[in-house]
Each structure stands twice: as structure tokens, then as C-alpha cells.
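Remarks on the structure that follows.
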Amino acid sequence: EAGVAQSPRYKIIEKRQSVAFWCNPISGHATLYWYQQILGQGPKLLIQFQNNGVVDDSQLPKDRFSAERLKGVDSTLKIQPAKLEDSAVYLCASSLYKTYEQYFGPGTRLTVT
Amino acid sequence: AQTVTQSQPEMSVQEAETVTLSCTYDTSENNYYLFWYKQPPSRQMILVIRQEAYKQQNATENRFSVNFQKAAKSFSLKISDSQLGDTAMYFCAFMKLGGNQFYFGTGTSLTVIP
């Protein structure tokens, strides 16, 4: 089966600019996650969707980050405006409903200059 | 709150040798899962092995095995017969039963030396 797809793989922007990341989960996976992985740290959950509803966004900086999952399939994560500290790899993962095993995409490496 | 600690930022091992990566965690939960994930240089995280806290038997997956000590809150990963393809960052992770969120450690960078 096809894995979790993400694009772009790399992005370089200047601070205060906007950026958007896209994720396509594994077919049939109802749950979708966005993680932020800062260099030297483990991934940190930003937001979790169950179908097209938000389950947990407690660690999402809502003043600049937003995410949506229209129609319960693809998802986009947006940062507006970006800060230097947003430089990280943004990982998307998906899982079947109420299972613990998450499948990760290759990530998008964001560099904010 | 759950915390996961990996005290070895970097490790190396000779090809075909055995290496053990350490992980400790802190939780007040009694039922949970523990995981080891591998993240090769391409950065796609791959599940290596998982352990259910209610199982006393240590999990094993081919060359990978764990030493789960619930009372000590310790969960180490042993890689036997190390191969060059094992070179990667390894993350220990915790998830409480019925939960949805991973708590990851900071990772151990493992290099297998030919």
C-alpha cells in the first residue's frame, strides 16, 4: 500500500512569510497527525484529526499555525507569519481509528531565515 | 505528564556486534505502550518494536529485542548482529492506553561502523 505522502520535501522562507504543507494519509486511515521535530529533539504533536474533526490541538500555536482536513482525507498545515524558531521538520502521520500504530511520512524540512 | 529520557545522544557499534540503547520514562499510568522508532537519514520514521505494559514477556522482532523493566520504568532496545542499514536515529516513545499522543525521547543517533 502507498505510504503517507507529504509535500514539499524542503522549503526555505524568510521570517514573516507564509508557508503551507500538504499531507495525504494512507487510504482508509481516519486519524491524521501533524508533528513538529526541531533539530536534536523528538517529534512533538501539534494537532490530531479524527476524520475532518480536531481531536487535540493543545500544542498548536494558534496565533500563527492553522491546519485543516477537508473531507477527512488530505490535510494542510499553514504557518503565517513564520518565525525563526519555526525551523524544523514537519511530520505527518496517520493511523486507523483507535489503533496505536502510526505511519509517518517523509516530512517537510522548513528553514526560516 | 509523561516524560521519556534517552541519555545516550550518540552511539556507535561495529558491524555484526550487539548494541543496547537505553530509555527511561516517567508516568503515573499503569497501562500503556512503549515503542522504538527508527528514523534513517531520509527521515521517514519506521516502527521497530512495541511493548504493551501489561505483558511481562519482552517483545522481540528478528534482531531487535527489548528489556522492559516496569518497576524501574526502563525500556532498552538491543540490536543484535548490527548491520549498516541500522544506522539511524532511534526514538523511544510512550503512549498511554486509550491515548492518542506519542511522547518521544530526544533520540539516540546510532552509527554502525563497517
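The values are calculated or read from the model by the stated rules, or taken from the named source; none is laboratory data. What you are looking at is a predicted structure, and each value in this text was computed from that prediction instead of being measured. Glycine also receives a Cβ, built like all others from the backbone with ideal geometry; neighbour counts cover every protein chain displayed.
Odds and ends about this structure:
- Among the candidates A:Leu45, A:Leu39, A:Leu91, the residue that is assigned to a loop (DSSP other than H, G, I, E, B) and within 14 Å of another protein chain (Cβ to nearest Cβ) is uniquely A:Leu39.
- A residue that is within 14 Å of chain A (Cβ to nearest Cβ) and under 11 Å from the mean Cα position of the chain (by Cα) occurs somewhere in segment B:94-102.
- Of all residues in segment B:6-28, those satisfying the criterion of being exposed (fewer than 14 other Cβ atoms within 10 Å of the Cβ) and over 13 Å from B:Ser80 (Cβ atoms) are B:Ser7, B:Pro9, B:Glu10, B:Ser12, B:Asp26, B:Ser28.
- B:Ser74 vs. criteria within 17 Å of B:Met95 (Cα to Cα), modelled with pLDDT of 95 or more, surrounded by fewer than 19 Cβ atoms within 10 Å (Cβ to Cβ) and more than 14 Å from chain A (Cβ to nearest Cβ): yes
- Within segment B:29-52, if we keep just the residues that are touching a residue at least 60 places away in the same chain (Cβ under 8 Å) and more than 13 Å from B:Leu77 (Cα to Cα), the residue that is surrounded by the fewest Cβ atoms within 10 Å (Cβ to Cβ) turns out to be B:Asn31.
- Selection from segment B:23-68 of residues that are within 22 Å of A:Gln36 (Cβ to Cβ) and not in a strand (DSSP E or B): B:Cys23, B:Pro40, B:Pro41, B:Ser42, B:Arg43, B:Gln44, B:Met45
- Hits in segment A:14-31 - residues which are at pLDDT 95 or above and over 17 Å from the mean Cα position of the chain (by Cα): A:Glu14, A:Lys15, A:Arg16, A:Gln17
- Checklist (1) surrounded by 20 or more Cβ atoms within 10 Å (Cβ to Cβ); (2) of a type outside the set (D, E, K, R); (3) within 14 Å of chain B (Cβ to nearest Cβ) applied to A:Ser58, failing item: (1)
- Considered as a group, the residues in segment B:4-22 that are out of contact with any Gly (no Cβ under 8 Å at 6 or more places or on another chain), within 14 Å of chain A (Cβ to nearest Cβ) and assigned to a loop (DSSP other than H, G, I, E, B) include one that is nearest to B:Phe94 (Cα to Cα), and that residue is B:Ser7.
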